[in-house]
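Below is one structure, written out as structure tokens; comments come after it.
The values are calculated or read from the model by the stated rules, or taken from the named source; none is laboratory data. All of these numbers come straight from a predicted model, not from anything done at the bench. Cβ atoms come from the backbone with ideal geometry, glycine included; neighbour counts cover every protein chain shown.
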Amino acid sequence: MPTMTAATPPSATDKVSLKAIENLANQHDAVQAQLAKAIVGQSTVIENVLLTVFCGGHALIVGVPGLAKTLLINSLGRTLALSFKRIQFTPDLMPSDITGTDIIEEDPVTGKRRLEFLQGPVFANLILADEINRTPPKTQAAMLQTMQEREVTVGNKTYPLPAPFHVFATQNPIEMEGTYVLPEAQADRFMFSINCTYPTNAEEELVVRNTTGIETPQLTPVLDAGQIVEIQKLVRAIPVSDEVVSYAVRLVSRTRPEDPASPQYVKEFVRWGASPRASQYLILGAKARAAVAGSFCADYDGVRSVAREVLQHRILTNFHARTQKTTPVNIIERLLQDITPDHP
């Protein structure tokens, strides 16, 4: 199949400089090199995590225990010189355990008592929400404001979170007893759903050798918070043609069974399709993919390359799909085959 690209708009070089694109590509490679010191394999997971950060988004990481999900985000924080906090979600976790709470404090000089806000662990650049589906919806909902508005409201005061701010939430796909399904409204706030799979035998052998000795990897910071914010601005400045935007919207709209143009298998197996936020993230992901590759313009291939991560947690299948063992990933694969830039 020939490579599908989109022509660069005439004003692309006015919006984004060649030097900025080259610097971003080099910084991307340098971050990957540092993470490779601590993480063996998982190249696709690492790439999607970096794209999430460069787009300014959040991501779900789905995988069984022991696949270095915590180590990856922790190492990412060290490589990017960002503060990192890990929150272990449990059934008894309260919203104030995440966001923080007001405490009564006595002034040592005047002796008067006053309310003082005690920050919760959410006040960091990188948050690992470990097993987010283990806590009740009330506590899960406490993350909604932090993820969307990047702020926390306690009482009648609102406190801004540090920039950049990213939530990486993990879910265990094989253990569903005693868990709470993530509300659709919150799942939609995650830019990507990233599948973390088992390593190959060769990779696992290297993991065992690296983790059972006396040496520990020393990671060198490559970027800082200010540089990451500038990268996020650069990614948004990457041009995209009207044709690519139209293709992304068309791909998302076909996931909705009520759309007259959606395929029959979508009408048969899908209960709810993806929201317009999916279209936004397809374009943002394509822009980031272009930027780290040193390209001046987002293209069709970029949209298709992030479609699985953007759509798989936004497509809700019905009972009939489950009886036929049809998953959202199966539907996405069929959509990518049927809906191409040349064939609507």
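Among the residues of the stretch 142-179, those that are in a loop (DSSP other than H, G, I, E, B) and either closer than 30 Å to Gly226 by Cβ or among the β-branched types (Val, Ile, Thr) (or both) comprise Arg150, Leu161, Pro162, Ala163, Pro164, Phe165, Ile174, Thr179. Among the conditions (1) out of contact with any helix residue (DSSP H, G or I) (no Cβ under 6 Å at 6 or more places or on another chain); (2) assigned to a helix (DSSP H, G or I); (3) in contact (Cβ under 8 Å) with a residue 40 or more places away in the chain, Gln280 misses just one, which is (3). I need the full set of residues from the stretch 92-107 which are surrounded by fewer than 15 Cβ atoms within 10 Å (Cβ to Cβ) and touching a Ser or Thr at 6+ places or on another chain (Cβ under 7 Å), in order please. Within the stretch 92-107, Met94 is the sole residue that qualifies. Every condition in (1) crowded, with 17+ Cβ neighbours inside 10 Å; (2) more than 19 Å from Thr340 (Cα to Cα) holds for Val240 except the one numbered (2).
Let's see how each residue does on (1) under 16 Å from the mean Cα position of the chain (by Cα); (2) buried (at least 18 other Cβ atoms within 10 Å of the Cβ); (3) part of a loop (DSSP other than H, G, I, E, B); (4) not aliphatic (A, V, I, L, M):
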site: Thr52; (1), (2), (3), (4): yes, yes, no, yes
site: Gly57; (1), (2), (3), (4): yes, yes, yes, yes
site: Pro65; (1), (2), (3), (4): no, no, yes, yes
site: Ile73; (1), (2), (3), (4): yes, yes, no, no
site: Leu76; (1), (2), (3), (4): yes, yes, no, no
site: Leu82; (1), (2), (3), (4): no, yes, yes, no
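Would you check if there is a residue in the stretch 299-306 being aliphatic (A, V, I, L, M), more than 15 Å from Val270 (Cβ to Cβ) and buried (at least 21 other Cβ atoms within 10 Å of the Cβ)? Yes, because at least one residue in the stretch 299-306 is aliphatic (A, V, I, L, M), more than 15 Å from Val270 (Cβ to Cβ) and buried (at least 21 other Cβ atoms within 10 Å of the Cβ).
Of the residues screened, Thr139 is not one that is modelled with pLDDT under 90 and part of a loop (DSSP other than H, G, I, E, B). Restricting the stretch 201-237 to residues that are more than 20 Å from Gln42 (Cα to Cα) and either in contact with a strand residue (DSSP E or B) (Cβ under 8 Å, 6 or more places away or on another chain) or without any contact (Cβ under 8 Å) to a residue 24 or more places away in the chain (or both), the residue that is surrounded by the most Cβ atoms within 10 Å (Cβ to Cβ) is Glu230.
A quick yes/no check of all residues on (1) within 19 Å of Leu51 (Cβ to Cβ); (2) in contact with a Ser or Thr (Cβ under 8 Å, 6 or more places away or on another chain):
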position	(1), (2)
Leu223	yes, yes
Leu234	yes, no
Pro276	no, no
Ala286	yes, yes
Ala293	yes, no
Gly302	yes, no
Ser305	yes, no
Lys325	no, no
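I'd like to check something: does the stretch 283-304 contain any residue that is among the hydroxyl-bearing types (Ser, Thr, Tyr), in a helix (DSSP H, G or I), in contact (Cβ under 8 Å) with a residue 40 or more places away in the chain and on the phi < 0 side of the Ramachandran plot? For the stretch 283-304, residues among the hydroxyl-bearing types (Ser, Thr, Tyr), in a helix (DSSP H, G or I), in contact (Cβ under 8 Å) with a residue 40 or more places away in the chain and on the phi < 0 side of the Ramachandran plot: present. Here Met191 fulfils each of the conditions (1) in contact with a Phe, Trp or Tyr (Cβ under 7 Å, 6 or more places away or on another chain); (2) at pLDDT below 90; (3) hydrophobic (A, V, I, L, M, F, W, C) apart from (2).
The set of residues in the stretch 259-272 that are without any contact (Cβ under 8 Å) to a residue 12 or more places away in the chain and loosely packed, with under 15 Cβ neighbours inside 10 Å comprises Pro260, Gln264, Lys267.
Restricting attention to the stretch 108-154, and to residues there that are assigned by TED's automatic domain parsing to the domain that holds Asn172 and of a type in the set (Ser, Thr, Tyr), which single residue is surrounded by the most Cβ atoms within 10 Å (Cβ to Cβ)? Here the residue is Thr135. When the residues of the stretch 84-100 are filtered to those that are among the β-branched types (Val, Ile, Thr) and outside any loop (DSSP other than H, G, I, E, B), the one that is farthest from Thr139 (Cα to Cα) is Ile87.
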